[in-house]
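Presented below is the structure to which this report refers.
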Amino acid sequence: MKQASKNNPFSVVDESLYTGVKNGIFHLHAHGDLFDGRSIIIDNKEVINFGSCSYLGLEVDQRIKQGVIDATMRYGTQFSSSRAYISCGLYEELEHKMSTIFGGHALVGQSTSLVHIATIPVVVDDNDAIILDHQVHGSIQNAVQLLKPRGVTVEIIRHSNLEMLEDKIKSLRNTHYRIWYMIDGVYSMYGDYAPIHRLFELMEKYPQFHLYVDDAHGMSWTGKNGSGYILSQVSLHPKMIFTTSLNKAFAGCGGTVVSSDPEIIRKIKTCGASFVFSGPIQPPMLGGTIASANIHLSDEIYVLQNNLSEKIAYCESLIRQKNLPYILPSGSPMFYLALGLPSVGYNMIKRLMKDGYYTDIGIFPGVPLKRTGIRLPITNNHTLSDIEGIVNAIEYHYPYVLAEDNQRIEDLEKHFRMDFSHSKRLNPGEQLNSNLSVEIYKSITEIDPETWNNLLGDRGSFDWKGCDFLENVFKDNLEAENNWVFYYYIIRDSSQKIVLATFFTHLICKDDMLSPESVSIQVEKFRKENPYYLTSKVMMMGSLLTEGDHLYIDKKNPHWTIALETLISNVRSEQDKQKANAIYIRDINTDDSDLKQFFIKNGFIRLDMPSTHTILQPKWQNEEEYLNRLSAKSRIYQRKHVIPFEKFYEIRLVETATMEEIDHWYKLYYNIKKTKLQLNTFDLPKKIFNKIVEYENWIILELKLKPEHHKNATNDSIAVCFINRTEKIIAPMFLGLDYKYLNSFNNYRQTLYQILKIGNQLNVEKINMGIEADFEKKRFGSVICAKSNYVQFNESFNMELINSFSVS
């Protein structure tokens, strides 16, 4: 049976958002006998609702309610028939009104998401290409996934990056029939607008370039007849498919797709999956939506728009007056106020709830991890007093929520890459002070070997000598990815007792390092032309060549969490200096709930590491004692596939080596490296094999076939393993194999057996057996250890692009 895939995007998102559920932010229920659009009851407390997207406040309009009642009385609660056969007559009336509002041919579907599912597979040809803005709504991204089995080219560009867009158009225009750029008219988090005039210029410049627009958040509150933001700026273009929602400011039900070409709309209605197979909008909501359309087609829509415009202007003036850190002022009814870390966001939202205000939080994956904020939508149901009240409350709580997470406005400037100097009066007073001192070293040679080894020497392959080895290997190399910068952190309390110690490396990593192997296979095809495609600078706890528990932390010390916050703060500072995109906290025990809670609270996401293997107390007196440690099945396996094959080998622990031997080792190593992408990293430099020979803390295990047992045997080794040795641990760090002998002489299994024998002879406490090959290693008595990485990205574009690759 296959195991569940690690680091499934849904699992990562679930873990992140479920933290919000546990914090009382998500999955809430509004109660009350009568909704007035302004206030709701949550947990028996009445709060002003600043979480609604019904910007014009029409959801409580009596005429729309009456439209629902009248339609119910005329047609009943449902008209249960596929639209491929027959539709309730109200559909015809509604679609005629929609066509009038938008100035094109309109088709109404059950929801905007289902409209996308119906429309995109029909209008996009197999020879077309799609370019997604990486902030385009998830409903479009989901619909586009339906096209991948057809082989449709799908690209992603950075948000509203027109230079990147034009480069993509140029690269695709000679190989594709049409090129679709899919966007939102108004983006749902920051409330910023699509650069529609520039996009129209590109449509004129490039005949193949088409637009697919979702203007759900621009609907009703602006434009002629409330037709939305996009159509308030431009007319319906022949090369544009326009979609929008009737569920938000329109206060009805469903979604609509509009085109200037009636043939396109006919084809969508005929072939679109959700029009053929899904149920229709039921008569009650059709009646209410028609009533809203009548308001939109009257002059009253402009009165409603003007009322909202005044409230938007008032809210913006207050935010500016209070010097709050406001993202992208645009004049839309959505305001986004920067908070930074998710924990700061949860704190602010809970404080506002206690003050009587409910509002939304912008959080990963809707925004990057460290760009959490208040998403504050304004509607006509709010009074000016309501708006003033919540802005005053936000201003009051800002210094407190920043202080409780040891944050300052300067941190928000780094997270958002914006100037918030006008907001610095909101900074908390004295920062957390626990009299901790931080020592930062750039080389292990600056640290006393005994001090370092007492803290971390028996935790993995990074005792003092191990770190010295890494420093000497990963410097002065031609390849950028093989030059690492080391940072050693030691944090002491006021009595000079060490509370925390660890080390980080600054290096270039492949962004798909922990992605499914099938994804890395696809990404590597692009790296044949550009070796640094989808790579980033990172700050990584430990290194790519170390395994074990890299973090010494004294949890008995009352200041351990502050020490960890201090570490992260210092690493973030170095991250900013080095312009690194991510921080990786490596190899944390998955079942360590304290550290899990800490890192998620501080804006990290948890990613599973590949399974790691350990053999504890690998000491035995003889072969039978070794076998008796194993399960019955493993004993049979060892007697059949491992022990009998030892007689075929010359087994050598190498002390010196020629350049020819080192070249051969590298070929054996590369045999494995080129096929193993479960942990996708750059190739090691050949220099590392030269250095291993020089360092006494390395054991080189070499296996050669005895000539008398194989007629084609050469003097070359058919397996080699490089084992790091500390006082209490050995760790095979990487190996090489000649695959011709994998089955005939079981050279991989024999290598594992010889590693165990070395551990037995050296009387070590444990053997770290590395990752992968779960079934093989368990047959040698290894125990699987669940490890997690905690990762925080400055910019999530590369990860979203990686997630767009198909997983086989």
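The values are calculated or read from the model by the stated rules, or taken from the named source; none is laboratory data. These numbers come from a predicted model, not from an experiment. All Cβ positions, glycine included, derive from the backbone under ideal geometry; neighbour counts span all protein chains shown. Accessible surface is based on the protein model in full, side chains and every heavy atom, while ligands, DNA and RNA are left aside. Shrake-Rupley method; radii C 1.70, N 1.55, O 1.52, S 1.80 Å.
Scanning region 55-85 for residues that are among the hydrophobic types (A, V, I, L, M, F, W, C), under 30 Å from T383 (Cβ atoms) and open to solvent by less than 60 Å² (accessible area, probe 1.4 Å) yields L56, L58, V60, I64, V68.
Can you tell me which residue in region 355-381 is nearest to A30 (Cα to Cα), limited to those that are in contact with a helix residue (DSSP H, G or I) (Cβ under 6 Å, 6 or more places away or on another chain) and among the hydrophobic types (A, V, I, L, M, F, W, C)? Taking the candidates together, the pick is I361. Within region 288-325, the set of residues being open to solvent by less than 30 Å² (accessible area, probe 1.4 Å) and more than 13 Å from R63 (Cα to Cα) comprises I301, L304, Q305, L308, I312, C315, L318, I319, L324, P325. Within region 396-415, track down each residue that is more than 16 Å from K354 (Cβ to Cβ), modelled with pLDDT of 90 or more and surrounded by fewer than 20 Cβ atoms within 10 Å (Cβ to Cβ). Residues satisfying the conditions are P399, A403, R408, E410, E413.
Among the listed residues H134, H197, which satisfies the condition of being closer than 30 Å to R375 by Cβ, out of contact with any Lys or Arg (no Cβ under 8 Å at 6 or more places or on another chain) and open to solvent by 10 Å² or more (accessible area, probe 1.4 Å)?
H197
Of all the residues that make up region 427-452, how many are assigned to a helix (DSSP H, G or I) and either within 30 Å of the chain's Cα centre (by Cα) or closer than 23 Å to T561 by Cα (or both)? Give the derivation first.
So the first thing to find is which residues in region 427-452 are assigned to a helix (DSSP H, G or I), and the list is 444-446, 449-452.
Subsequent filtering for residues that are either within 30 Å of the chain's Cα centre (by Cα) or closer than 23 Å to T561 by Cα (or both) retains 451-452.
Going through region 427-452 one residue at a time, the tally reaches 2.
Taking the residues in region 136-168 that are part of a loop (DSSP other than H, G, I, E, B) and under 20 Å from V523 (Cα atoms) as candidates, determine which candidate is nearest to the chain's Cα centre (by Cα). Give the derivation first.
Keep residues of region 136-168 that are part of a loop (DSSP other than H, G, I, E, B), which gives 136-137, 146-147, 151-152, 158-161.
Imposing the further condition that a residue be under 20 Å from V523 (Cα atoms) reduces the set to 147, 151-152, 158.
Details: L147: 23, G151: 25, V152: 24, R158: 15 Å.
Here the answer is R158.
Within region 25-51, the residues that satisfy the criterion of being of a type outside the set (K, R), touching a residue at least 24 places away in the same chain (Cβ under 8 Å) and touching a helix residue (DSSP H, G or I) at 6+ places or on another chain (Cβ under 8 Å) are I25, F35, D36, G37, I42, V47, I48, F50.
May I ask you to list the residues in region 569-591 that are touching a residue at least 60 places away in the same chain (Cβ under 8 Å) and charged (D, E, K, R)? Spell out how you get there, then give the answer.
In the first step, residues of region 569-591 are kept if they are touching a residue at least 60 places away in the same chain (Cβ under 8 Å); the result is 569-572, 574-576, 578, 580-591.
Scanning region 569-591 gives R572, E574, D576, R586, D587, D591.
The set of residues in region 592-638 being open to solvent by 20 Å² or more (accessible area, probe 1.4 Å), closer than 24 Å to A582 by Cβ, in contact (Cβ under 8 Å) with a residue 12 or more places away in the chain and assigned to a helix (DSSP H, G or I) consists of D594, K596, I600, K601. With the condition kept exactly as written, say whether any residue in region 333-342 is at pLDDT 95 or above, open to solvent by 10 Å² or more (accessible area, probe 1.4 Å) and touching a Phe, Trp or Tyr at 6+ places or on another chain (Cβ under 8 Å). No, because not a single residue in region 333-342 is at pLDDT 95 or above, open to solvent by 10 Å² or more (accessible area, probe 1.4 Å) and touching a Phe, Trp or Tyr at 6+ places or on another chain (Cβ under 8 Å).
Only residues that are hydroxyl-bearing (S, T, Y) and in contact with a helix residue (DSSP H, G or I) (Cβ under 8 Å, 6 or more places away or on another chain): list them for region 651-668, please.
Pass one, region 651-668, residues hydroxyl-bearing (S, T, Y): 656, 658, 666.
Correct list: T656, Y666.
Cβ separations smaller than 8 Å between residues 6+ apart or across chains give the following pairs from region 538-562 residues that are more than 24 Å from D405 (Cα to Cα) and part of a strand (DSSP E or B) to residues that are of a type outside the set (D, E, K, R) and open to solvent by less than 10 Å² (accessible area, probe 1.4 Å): G548/G460; G548/S461; G548/F462; G548/G542; G548/I729; G548/A731; G548/N768.
Inspection of region 660-670 finds a residue satisfying the criterion of being among the hydrophobic types (A, V, I, L, M, F, W, C), in a helix (DSSP H, G or I), touching a Ser or Thr at 6+ places or on another chain (Cβ under 8 Å) and touching a residue at least 24 places away in the same chain (Cβ under 8 Å).
Anything in region 417-460 that is of a type in the set (S, T, N, Q), modelled with pLDDT of 90 or more and open to solvent by less than 80 Å² (accessible area, probe 1.4 Å)? List them, or say none. Before you say what the answer is, go through the steps one by one.
To start, the set of residues in region 417-460 that are of a type in the set (S, T, N, Q) comprises 421, 423, 427, 431, 433-435, 437, 443, 445, 451, 453-454.
So of that shortlist, the ones also modelled with pLDDT of 90 or more come out as 421, 423, 427, 437, 443, 445, 451, 453-454.
Scanning region 417-460 gives S421, S423, N427, S437, S443, T451, N453.
Being more than 24 Å from A786 (Cα to Cα) and over 46 Å from the mean Cα position of the chain (by Cα) narrows it down to one residue among E655, E661, E650; which is it? Outline the logic, then answer.
Details: E655 fails: over 46 Å from the mean Cα position of the chain (by Cα); E661 fails: over 46 Å from the mean Cα position of the chain (by Cα).
Answer to the selection: E650.
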